[in-house]
1. Can you give the average number of partner chain beta-carbon atoms within 10 Å of each beta-carbon in peptide B:27-39, as a whole number?
2. Placing +1 on the Cβ of each Lys and Arg and -1 on the Cβ of each Asp and Glu in chain A, which of A:Leu77, A:Thr114, A:Pro25 has its Cα farthest towards the positive end of the resulting dipole?
3. Once you average over the residues of A:88-97, how many Cβ atoms of partner chains fall within 10 Å of each Cβ?
4. With bins 10 Å wide starting at 0, give me the P(r) of the stretch B:28-110 over every alpha carbon pair, in whole percents.
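What follows draws every value from the coordinates through simple rules; no lab data is involved. Since the model is a prediction, treat every value here as computed from it, not as a measurement. Cβ atoms come from the backbone with ideal geometry, glycine included; neighbour counts cover every protein chain shown.
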Amino acid sequence: DAGVIQSPRHEVTEMGQEVTLRCKPISGHNSLFWYRQTMMRGLELLIYFNNNVPIDDSGMPEDRFSAKMPNASFSTLKIQPSEPRDSAVYFCASTLAMGGFEQYFGPGTRLTVT
Amino acid sequence: AQSVAQPEDQVNVAEGNPLTVKCTYSVSGNPYLFWYVQYPNRGLQFLLKYITGDNLVKGSYGFEAEFNKSQTSFHLKKPSALVSDSALYFCAVRDMGSSASKIIFGSGTRLSIRP
């Protein structure tokens with residue numbers, strides 16, 4: 001099993017640019033989560049999907065952030081426009097809803113906005 | 001509301017000594033509890049979970065955790081620490097008040113094992 005795949009692994013961009021982060025969950029998993037991790041705020045849940053449907057986006061910091069899951073094997077997190085305070089490591093995780101509930105994390109995307 | 005607390009930001013242990021990383025929880029109903037480990041520049045890795053059954057749960061890399069209902073604790077333990085165990089450890093609990101698959105993470109405890 002390939003595990004959760006995220007791309008890119010590193011992204012450096014200038015303030016005001018659009019950033020798109022990508023995630024491929026583990027095959028067969030039907031819940032997908034986007035997290036953000038910083039030294040100051042720790043690990044934060046941004047949004048999660050069950051069966052491709054967004055369930056809770058209360059963690060999305062503001063309207064500049066959006067997430068989609070067009071099918072069971074792909075999700076994107078978009079920031080437009082990006083700001084320096086968005087610099088963080090963004091993780092995607094997946095699990096089988098109503099299964100064991102443990103989530104499996106991808107390697108993360110380290111985003112730096114200058 | 002469900003929550004977990006990790007009272008120690010940092011735990012320091014000498015190699016070969018036993019280690020304990022503490023976690024307490026607050027839930028309504030029966031808890032589903034988890035431990036994760038994060039090595040530098042990596043994603044979180046699932047270590048072990050408690051759902052029901054034996055209070056002592058065994059997981060990856062020789063770790064185990066003890067569920068204590070009366071003390072509402074789920075401490076992570078290992079009999080003999082290795083330098084390679086140095087990492088950030090997260091306790092987590094299933095959020096029973098939301099969709100089934102959401103879990104809530106603690107703030108993390110940094111474990112440092114000195115040679």
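1. 1
2. A:Pro25
3. Other-chain Cβ atoms within 10 Å of each residue's Cβ, averaged: 2.
4. It works out to 17, 50, 28, 5, in whole percents.
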